[in-house]
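Everything on this sheet refers to the single structure shown next.
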Amino acid sequence: MAELRTAPGMRERAPGVWELVVQNGVDPVTGKRLQISRTFRGTLREAKKARAELIVEASKGKHSGTRATVDELFVDWIVELKRKGRSPNTIDGYEKVYARNIKPTLGNTLVTKVTTKMLSQLYGAHQDRGLSPRSVYQIHACLSSMFTQACRWGWRDSNPAQWADPPSIPDTVPVVPTPEEVRALIAEAERSKRPEHARAILIAATTGVRRAELCGLRRWRGLDLERGLMRVTESVTALKGRPIEEIPTKNRRIRTVALDELTIATLRKQIEAVEERARFAGVELVDDPFVFTDSADGSVAWKPTLITRNFQRLRARIGLDHLDFHDLRKFMETYGQEMGFSITQVAVRAGHNPAVAAKHYSGRVSETDRALAIAVASLLVPAEPTE
């Protein structure tokens, strides 16, 4: 009987102990050739069979991987998010979460060495140091998305975050300002040195626009006051160390919102104030100025943080510290439903991801939306004094 010979990729380390080596492509990060090495105990014939099985497994991607670290995965993942057009705010949030809560522990770990247990222990450690369940869940969301991308690139066979359990986020009771509270905020803003913030509060309460969408509102692109329409097309972001940018709305949808007479009058007053400031400064307004702007020519929008800071000062002066500017959206949504308008109609007005019924919303403002606009604004009309 002919003597069996070893095959390439096989070496006998000791009697009956074999090192099996199989080529496994190229590392997508370093460009170096990858290989799989296994130790096998048995006869030469059995070792050849084991190596053949290893070759088949490698061809099916069961042993794909990379020598990249979690830090390197994060850098490449952020580049991928930017390529896909993710919001700068979203990317900035991921970068902060990673730098504070992931990098110090896992940054130098190989992508292929991260396990579900390691992630669960990371979540537990952050909980023990007092991080809120919502913050821990943000860590989980960041890691889950990163490792999903690693699997798509062939850096891993599975996502270790898939089975890692972040803490449950407790349900919170939504804070909805009353009509009296919104009117009090508007009145306080009108008495302040920045009465334009009173207009911002009223418009946010009647239309349900987000603060960044309000900042991104332009005179001609966004408003048709003759027809009583607001077209929400963009929002604004102002990240630290970067100029103000116009970006798509949060869900990247353009919506048309009906306006009531009170909101139309408020918008006209704000536009007149911007025009008057330009005349006083002796400058021409840009072709399509922002509605809420501090620049003489209307070319620079308010920062969303400006709205927040001013709102916080206003609420403190009248004892409404429990309210946030975002709660004005809940005001429109909650009272709109209480007055008989459907959840879908209110959601479309607020710019939420629309339900199935709203997928056919063509941009034409329905009479139902007009009625909703008038009904919500009616809550903020000062009562007639009684004799």
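The values are calculated or read from the model by the stated rules, or taken from the named source; none is laboratory data. Since the model is a prediction, treat every value here as computed from it, not as a measurement. Quick reminder, even Gly has a Cβ in these numbers, built from the backbone with ideal geometry, and neighbours come from all protein chains shown.
Quick notes
- Qualifying positions in the range 116-170 - of a type in the set (A, V, I, L, M) and under 19 Å from Val70 (Cα atoms): Met118, Leu119, Leu122, Ala125, Val136, Ile139, Ala141, Leu143, Met146, Ala150, Ala161, Ala164
- From the options Ser144, Ser120, residue that is touching a residue at least 40 places away in the same chain (Cβ under 8 Å), among the small types (Gly, Ala, Ser), surrounded by 15 or more Cβ atoms within 10 Å (Cβ to Cβ) and assigned by TED's automatic domain parsing to the domain that holds Ile91: Ser120
- Check on Arg227, without any contact (Cβ under 8 Å) to a residue 12 or more places away in the chain, among the basic types (Lys, Arg) and surrounded by fewer than 16 Cβ atoms within 10 Å (Cβ to Cβ): yes
- Failed criterion for Arg309 (all others in (1) under 21 Å from Ile203 (Cβ atoms); (2) in contact (Cβ under 8 Å) with a residue 40 or more places away in the chain hold): (2)
- Test: residue in the range 245-258 that is without any contact (Cβ under 8 Å) to a residue 40 or more places away in the chain, farther than 28 Å from Ala377 by Cα, out of contact with any Leu (no Cβ under 6 Å at 6 or more places or on another chain) and assigned by TED's automatic domain parsing to the domain that holds Val300: no
Yes/no matrix, rows are residues, columns are (1) at positive phi; (2) surrounded by fewer than 16 Cβ atoms within 10 Å (Cβ to Cβ); (3) modelled with pLDDT of 80 or more; (4) assigned to a helix (DSSP H, G or I):
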site: Lys49; (1), (2), (3), (4): no, yes, yes, yes
site: Glu53; (1), (2), (3), (4): no, yes, yes, yes
site: Val79; (1), (2), (3), (4): no, yes, yes, yes
site: Gly85; (1), (2), (3), (4): yes, yes, yes, no
site: Tyr94; (1), (2), (3), (4): no, no, yes, yes
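- Sub-8 Å Cβ pairs linking a first residue in the range 92-113 that is within 20 Å of Lys82 (Cα to Cα) to a second residue that is part of a strand (DSSP E or B), at least 6 apart or interchain, number zero.
- Boolean, Asp288 is in contact with a helix residue (DSSP H, G or I) (Cβ under 7 Å, 6 or more places away or on another chain), in contact (Cβ under 8 Å) with a residue 40 or more places away in the chain, under 28 Å from Ile374 (Cα atoms) and among the acidic types (Asp, Glu): yes
- Helices (runs of 4 or more DSSP H) lying entirely in the range 146-235 (those with 3 or more residues that are not charged (D, E, K, R)): 179-191, 196-207, 211-215
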